[in-house]
1. Just subtract the alpha-carbon distance of Asp19 and Val244 from 0.36 nm times their residue separation and send over the number in nm, one decimal.
2. Quick one, can you get me the convex hull of the C-alpha atoms of segment 278-333 expressed as volume per residue in Å³?
3. Say the cut-off is 19 Å between C-alpha atoms; which of Lys53/Lys119; Lys294/Lys337; Lys183/Lys241; Lys202/Lys224; Lys224/Lys268 go over it?
4. At 1.4 Å probe radius, can you tell me the per residue accessible area of the chain in Å²?
5. Rounded, prolate or oblate: which one fits the chain, using the alpha carbon gyration tensor with axes a ≥ b ≥ c (rounded when a/c is under 1.5, else prolate when a/b beats b/c, else oblate)?
6. Which ³J(HN,Hα) values in Hz, rounded to whole numbers, follow from the phi angles of segment 106-115 under the Karplus curve 6.51 cos²θ - 1.76 cosθ + 1.60, where θ = phi - 60° and Gly and Pro get x?
7. Could you please put Arg319, Arg159, Arg144 in sequence from largest to smallest accessible area, using a 1.4 Å probe?
8. Calculate the FRET efficiency for Asp128 and Asp221 from the Cβ-Cβ distance with a Förster distance of 35 Å, rounded to the nearest 0.05.
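The values are calculated or read from the model by the stated rules, or taken from the named source; none is laboratory data. As the structure is a computational prediction, the values presented were derived from the model and not from experiment. Cβ: placed from backbone, ideal geometry, glycine included. Neighbour counts: every protein chain shown. SASA here: full protein model, heavy atoms, side chains in, ligands and nucleic acids out. Shrake-Rupley method; radii C 1.70, N 1.55, O 1.52, S 1.80 Å.
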Amino acid sequence: MVLDSFVYATEFPSEFILDNKMETGLDIVGAWDFAIQDSLMIFSTRNNNGLWKFLSLPELNELGDFLIKGEGPLEFSSYPSVTDKVNFSEIGGVLFSYIYDFDNGRLLKLNINKSLKNKETIISVIDDSLPKFLFDFMMLDSGRYFYREISNMETQQLRSLDHFGNVSVNINMAKLNEASVMKGIDFTVMTTMTRYNEIHDKIVEMNFGLNYINLYAVDGDFGKTICVESKLDDIGQIESKENVDRIFRFSDVRVYDNFFGLVYVNEKEETYFTSRKNLPEILLFDWEGNPLAKLKLQSHISTFDIDFLNNEIYTFDSRTDEFAKYDIGEILSVIQK
């Protein structure tokens, strides 16, 4: 699961303590993930009659609930995330969301502006020929997709590009596809969270249980493995351990125009899913894989996103439902100068 070029990122040029927490007062029933798109905040919820909840920024006024869970032609069989297997795109001043339907192998297009204006879900199917149950799906641009799917009797996870039905694998994907676990071993040891940035045409792969991330280009040969400790984790050693003895390394990754960030947990699964002892950190990197800053949290979080219009970072903890924000104007001025 490592590329030919790798670096150790154990030191960061800037470190900040996030201790100016501001409570938002939000209590959204069934919320489990969120994303920020310009002046909109969008929550994934388990409300079957409104899977996505929209709020305004910075006021956090509720704007509407959209997407239905059900068996209808434009409904979802499971709960779609606002960050995973989804793409947001603005076309002619109109914001759209392209959502992969995991259970049915479809790509749906949600017209967000029109839905908010009409107070009803305006959605359509634009591709119903996709594979079902993909571990990762990203729409890179019109007609070009990234897949990651289980293969070889559940011992490998294979990445590929699909461009109007023409399937290919670039040099870095081929390298990562070589990784495997022994037959019968829990393949989730290789589970990743994958994000794409269109401006840089690069993919970030964060593995939940490994202490390194992979950054590589879609077009071109750029590829780098970034280890956040002094020694690379070894899949072979990890797969021999009981689940409770494995380390939960990361919980989230977010990508932005000038950098990307990860929630670094670094705690044994035995305690992470029960008592939680370690406070997480948010690690920021530029698009060449160079460390930019480390943000130290004073409370537990599972995910975050940044409101660049108001220079604030929002954090959410799925265990406690605590939703808070911090002023990071000074931090952004340092890392984006």
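1. 77.9 nm
2. With only Cα atoms used, segment 278-333 gives 96 Å³ per residue.
3. In this structure, Lys224/Lys268 exceed 19 Å between Cα atoms.
4. 45
5. Judged from the Cα gyration tensor, the chain comes out rounded (a/c under 1.5).
6. After applying 6.51 cos²θ - 1.76 cosθ + 1.60, I find 10, 10, 10, 10, 9, 7, 5, 4, 5, 5 Hz.
7. Descending order: Arg319, Arg144, Arg159.
8. It comes to 0.55.
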